[in-house]
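Report on the following structure.
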Amino acid sequence: MPDLEKLRALAKETISRDDIKCLIGWRPGTYGYRTSPHFVRSPEDADQLIFSPLCSSNLATYLTLAEKRPVPRGAQPDTRKVAILVKGCDSRAVVQQVAEQGIKREAVYVIGCPCEGIIDLRKLEDKYPHTLERVEARWENGKISLDLPGGRAVFPREEIVAGKCLTCRYPNPVIADVTVGEDVEVRGSAGFEDINWLEVKNAQERWAFWRDKVNSCLRCYSCRNVCPMCYCEECILEKQNPAWIQRSVNISENTAFQLARAFHLAGRCIECGECERVCPVEIPLTHLNRKLVKEVSEQFAFTPGVDPEAKPLLVGYRPNDKEDFIL
Amino acid sequence: MNTHPYKPNIATVQDTWFETYGDRCIKTFKVVFDDEEVRDNWTHLPGQCAMIGVLGTGESMISISCSPTEGKFLRFSVMRAGKVTKALHELEAGDKMTVRGPYGNNFPVDEWKGKNIITIGGGIGQAPLRPIIEYIRAKKAEYGDLTVVYGARTSADLCFKGEFSELAKVENTSCRLSIDVKEEDWPHYVGFVPALLMEINPSFENTIAITCGPPIMINFVLQNLKKLNFPDEQIYTTLENRMKCGIGKCGRCNAGNLYVCKDGPVFSYATLKNVPEAFA
Amino acid sequence: MKLNKDKLADFLAAIPGKTIFGPQLSGETLKFTPITKTGDLCLTANNTTVPPKSVVFPQTETMLRFEQGATDIRTAEPAGETVLFGIRPCDARAMYIVDNVFFWDVDDPYYLARRTNSTLVGMACLDPCVNCFCTSMGGGPASTEGLDLLLTDLGDSYLLEVLTGKGEMLCQGAGNLLDEASVADKEAAKLLQQKAAGQIRRKIDPSGIPARLPALWESPVWEKVSASCLGCGICTYLCPTCHCFDMQDETEGAESRRYRTWDSCMFPEYTLHASGHNPRPARRERTRNRINHKFSYFVDKFKVIACVGCGRCINLCPVNIDILDILSKVGEEAL
């Protein structure tokens, strides 16, 4: 776990550089367990930075979400770099964005933060609801400790971290210009046992599982907007002519939306789990994405977001690619 | 009689013609309601809009570009831009379109009686101005001088081209047309509309100025009207924003605290100058 | 009056001809759905994730039907009678506020039908959430605006307060199931309600906000509070007072329909002109509009703040954009 003083000192040094316009990190939220993305634009802003098991946001999203306002006449565009704090999974998003040429490698300054797992706030809220006071959390010898209003609580990592952290094989950033803290042990297995229970079901049972969940989708598009890989300038969802996916919220259009998104992420999803975290109706989207990760891995021996030089899966063709998925 | 606020009336396209050509061409539709009762009960005044559309595609808020003094029909001049306007452009004489409305407020034509009127339009912005011009023309005795200032990028981009020479013949009426860049055989002004306005140098006394056009033009026209000492209360414009319901429910057409569909589309500059979003 | 909890199922069964909606789990989400088993009701849980506005203003609602190529337009059949059982006072108050819009000059026929055909049976909030701030917005855990009946959980029974004629009608069929409430019951309920109000820890004084907002139009505060915004629809879709909608046409086979569906001022397409021009081009402008609409424009038009303090936008924002934080910044920012 990185020393906060060191992190802030590094951030101050970074934001003071002439070639950096902004540093994106995390700060404590407005209440309880929440943290919030934090945009550091001056050395003083860096005093609020934190990194803890509560820093759930994948900040790589902001690299492509930034709105390009027109440059005023006579002014020069600001071409300075954006510095960004990344956990292991977040770093894979940066790599994949670079590999797809969504962003330029030289436009970002990556500060790596090795991560032992992020708390699933739903699990925490179930245990300790109604917490208004700000809570701090830290990793301690493979466990996670929290300073709750009622005193300190320590949880085994497995009990409290998000599902995506249990299967994570990249807890250490795969790309970084500088790293804060020591590398951590890789705990996730290379297999896909986590989705096995769903895969063994027959089609009817699987649909029964998904039907209710997809039915409750509100189409708020938080999953798409939070996704660091969903950065198309014009999304199929907003296409009006023709409207491939209607705005009406019902099982058929919702399914079309969720499937379109899942397929657009095939070979691109870097398993940060943000879509599932932000979903207000708790659709277990990582199941869907993990299935595609598995297919991509088994069919093409491909893992996205590890090599910025790698050609994105779906733009490449190899003569020995498997074709048995073609019906 | 249909009193359902969302159920449109069916109207038949009687005639269509293109005002301008190209990618964003403007097509005018002359339409008549199928239901005689609707036709007889329909009343609108210059400045008002209607939701017109194609069943199965959708609706779009379009200003009514004819004056009620012209007859028991409606005219709409529509630029081909989005999904609905593209579908509307497919319509020819004999085809059906849907119309509901009229919506919004109107130019205060009664208040303006006895006053001189100057309209300053640009491009498709002439569409909401055409009804007030036609209205005053029909009731000429009740109003003072009418000055029509209208410009577009090129002569091919001017709407209602055929109407201005006739209009200029009307008593106490003058028409001043302009294009941005010089063309052969163009007998009128070359330059931008705000500059033409300065050349005309209208007196603000007992005069109402109405402007409509692209935001950049409106901005400069407003500045110049102020230079000509027009009080804010004597300057009018119409706003347009994306709309869906037309009746103040769907939320989106507000500019600050003003709902364009209900409080507008006609506003005096005295109102708008305090609304920061008005010219966004 | 008082209803013993044992008799709740009988009480609901004694309501004839109305569809009774209550807070129930749908998938993983608590929302108002038609009750089939009284046992499925989650009456002690806090606010539903999806606000009950979805009953009177469904997320997607057919407005018109027509055959392709034909000109005969049918308006959607009016909705039947409903009871919203266990609605929280803040959500009922939100409907009362939203009525202003849907009945503004022209009645919205769909909303009008659903709203007049609905009876709102409130459940006093005795265990407020961490982000509840209803008491700051003119409501409270037992506020009655918009409600026809208010229930207060007394442990073994509910105290029943009849607030309107509609509420009285609902109780008529169940007369034999209700007991007389004692003075002690009423006092106990009052105490519980007061205790709940005291448990609300998040507070703000909004009285100065409407006047400050116009002056803060160009303030850097909007850039600050929207910097992390993802532009999703959570804060608006799940807000009980947000009422914006889109209208679209959809064709399936020969059948076409015009429907409306919730829309969000946080989406770029919401104000995008067909020309490509967008009067609210970025999240800064869109966030500013969201706050101004609730705390300035709505107040201008209808003399009431369009926020009831339910806390959903705070609870569910993926990046902790906190409306109370925004309001306190608006309150502190130099004019």
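Kindly work out what percent of the DSSP beta bridges joining two residues of the protein assembly as shown are antiparallel, to the nearest 5.
Close to 65 percent.
Within the P(r) computed for the range C:1-120, what percentage of the Cα pairs occupies the region above 17 Å?
In whole percent, the share of Cα-Cα pairs in the range C:1-120 beyond 17 Å is 62.
Rounded to the nearest 500, what is the protein assembly as shown's calculated 222 nm mean residue ellipticity when only DSSP H runs of at least 4 contribute -39500 (n - 2.57) each, over all residues?
After summing the helix terms and dividing by the residues of the protein assembly as shown, the value is -7000 deg cm²/dmol.
Using Cβ contacts closer than 10 Å as the measure, can you line up C:Thr241, A:Thr79 from fewest to most?
The order, fewest Cβ neighbours first, is A:Thr79, C:Thr241.
Please report the antiparallel percentage of DSSP beta bridges with both residues in chain B, rounded to the nearest 5.
Given both bridge residues lie in chain B, the antiparallel proportion sits at roughly 60 percent.
Once all Cα-Cα distances of the protein assembly as shown are split into 20 Å bins that start at 0, what whole-number percent is in each one?
Each 20 Å bin holds this share of Cα pairs: 12, 39, 35, 13, 1.
Per residue of B:53-60, what is the mean number of Cβ atoms on other protein chains within 10 angstrom of that residue's Cβ?
Mean shielding count: 6.
Would you mind computing, in nm to one decimal, how far apart the modelled labels at B:Glu205 and A:Val154 are, each placed 7 Å from Cα along Cα→Cβ?
The modelled label-to-label distance comes out at 9.2 nm.
List the pairs from A:Lys239/C:Lys303; A:Lys239/B:Lys96; A:Lys239/B:Lys72; B:Lys30/C:Lys301; B:Lys86/B:Lys249 whose alpha-carbon separation is above 29 Å, in the order I gave them.
Where the Cα-Cα span goes over 29 Å, the pairs concerned are A:Lys239/C:Lys303; A:Lys239/B:Lys72; B:Lys30/C:Lys301.
Which order do A:Asp78, C:Asp40, B:Asp95 fall in if you start with the one that has the fewest other Cβ atoms within 10 Å?
Final ranking by Cβ density, sparse to dense: A:Asp78, C:Asp40, B:Asp95.
If r is the Cβ-Cβ distance from C:Glu67 to C:Phe302 and R0 is 30 Å, what FRET efficiency results, to the nearest 0.05?
0.15
Given Cα pairs under 8 Å that are at least 6 residues apart, what percent is the relative contact order of chain C?
21
Output needed: Cys residues of chain A lacking any neighbouring Cys C-beta below 4.7 Å, sorted by number.
A:Cys22, A:Cys55, A:Cys113, A:Cys115, A:Cys165, A:Cys168, A:Cys217, A:Cys220, A:Cys232, A:Cys235, A:Cys269, A:Cys279
Restricting attention to chain B, give the cysteines that have no other cysteine Cβ less than 4.7 angstrom from their Cβ.
Within chain B, the cysteines lacking a partner Cβ under 4.7 Å are B:Cys25, B:Cys49, B:Cys66, B:Cys159, B:Cys175, B:Cys212, B:Cys253, B:Cys261.
Does the range B:116-238 classify as rounded, prolate or oblate by the C-alpha gyration tensor (a ≥ b ≥ c root eigenvalues; a/c under 1.5 gives rounded; else a/b over b/c gives prolate, otherwise oblate)?
It is oblate, given that a/c is not under 1.5 and a/b is not larger than b/c.
Using Cα positions and a limit of under 12 Å, work out the aspartates and glutamates in reach of A:Lys127, with same-chain residues fewer than 8 apart set aside.
A:Glu159
Using alpha carbon centroids, what distance separates the range B:94-138 and the range A:293-319, in Å?
Comparing the Cα centres of the range B:94-138 and the range A:293-319, I get a distance of 61 Å.
Based on the alpha carbon coordinates of the range C:206-332, what radius of gyration and maximum Cα-Cα distance (Dmax) apply, in Å?
For the range C:206-332, the Cα-based Rg and Dmax read 16.0, 58 Å.
Of all beta bridges DSSP finds with both residues in chain A, what is the antiparallel percent, to the nearest 5?
65
Provide the per-residue ³J(HN,Hα) series for the range A:128-135, in order, calculated from phi with Karplus coefficients 6.51, -1.76, 1.60 and θ = phi - 60°, each as a whole number of Hz, with x at glycine and proline positions.
Result, ordered by residue: 10, x, 6, 8, 8, 5, 5, 10 Hz.
Taking the Cα of C:Lys18, stepping 7 Å toward and past its beta carbon, and measuring to each backbone N in the range C:28-47: which are under 14 Å?
C:35
For the range A:120-211, take the convex hull of the Cα atoms, compute a quarter of its surface area, and give me that in nm², please.
Seen from a random direction, the Cα hull of the range A:120-211 projects 9.1 nm² on average.
Are there any trypsin sites (Lys or Arg not before Pro) in the range C:16-104 that are in a DSSP loop and have at most 11 other Cβ atoms within 10 Å? List them by number.
C:Lys37
What FRET efficiency comes out for the pair C:Asp6/C:Lys195, r = Cβ-Cβ distance, R0 = 30 Å, nearest 0.05?
Here the calculated transfer efficiency is 0.75.
Between A:Val186 and C:Thr36, how many nm apart are label points set 7 Å from Cα along the C-beta direction?
The two pseudo-label positions are separated by 4.7 nm.
Just the number, please: Stokes-Einstein D of chain C in µm²/s, Kirkwood Rh from C-alpha pairs, 25 °C, 0.890 mPa s.
The calculation lands on 115 µm²/s.
I need the phi-derived Karplus couplings for the range A:304-310: 6.51 cos²θ - 1.76 cosθ + 1.60, θ = phi - 60°, integer Hz, Gly and Pro marked x.
x, x, 10, 10, x, 8, 5
Please grab the % of Cα pairs in chain B that end up more than 25 Å from each other.
The calculated P(r) of chain B puts 44 percent of pairs beyond 25 Å.
Evaluate the distance, in nm, between pseudo-label points positioned 7 Å from the Cα of C:Glu255 and of A:His130 along their respective Cα→Cβ axes.
For the pair C:Glu255/A:His130, the computed spacing is 4.8 nm.
Loop sites only, by DSSP: take the trypsin sites (Lys or Arg not before Pro) in chain B that have at most 10 other C-beta atoms within 10 Å and name the longest stretch containing none of them.
B:1-168
Sort B:Lys7, A:Lys81 by Cβ crowding within 10 Å, fewest neighbours at the top.
Result, fewest neighbours first: B:Lys7, A:Lys81.
When the chain is fully extended, how far beyond the present Cα-Cα distance does B:Asp35 get from B:Ala156, taking 0.36 nm per residue of separation?
Length gained between B:Asp35 and B:Ala156: 39.9 nm.
Please tell me the relative contact order of the range B:9-103 in percent, rounded to the nearest whole number, where contacts are Cα pairs under 8 Å and at least six residues apart.
Computed value for the range B:9-103: 38 percent relative contact order.
Evaluate the relative contact order of chain B (contact order divided by residue number), counting alpha-carbon pairs under 8 angstrom at least 6 apart; express in whole percent.
17
For the range C:1-63 and the range A:154-223, what is the centre-to-centre distance using only Cα atoms, to the nearest Å?
33
Can you give the FRET efficiency for B:Trp17 and C:Met169, using 1/(1 + (r/R0)^6), R0 = 60 Å, r = Cβ-Cβ distance, to the nearest 0.05?
0.50
In the range A:195-291, which trypsin sites (Lys or Arg not before Pro) are in a loop and have at most 13 other Cβ atoms within 10 Å, using DSSP for the loop call?
In loop regions of the range A:195-291 (DSSP not H, G, I, E or B), the sparsely surrounded trypsin sites (Lys or Arg not before Pro) are A:Lys201, A:Lys239.
Could you list which residues have their amide H under 5 Å from that of C:Thr82, counting only those 5 or more apart in sequence or on another chain, with H placed in the peptide plane?
It is C:Thr19, C:Ser118, C:Thr119, by chain and number.
We did not get these values from a lab; they are worked out from the coordinates using the rules stated. Remember, predicted model here, so these are calculated numbers, not experimental data. Cβ sites come from the backbone with ideal geometry, for glycine too, and all protein chains shown count toward neighbours.
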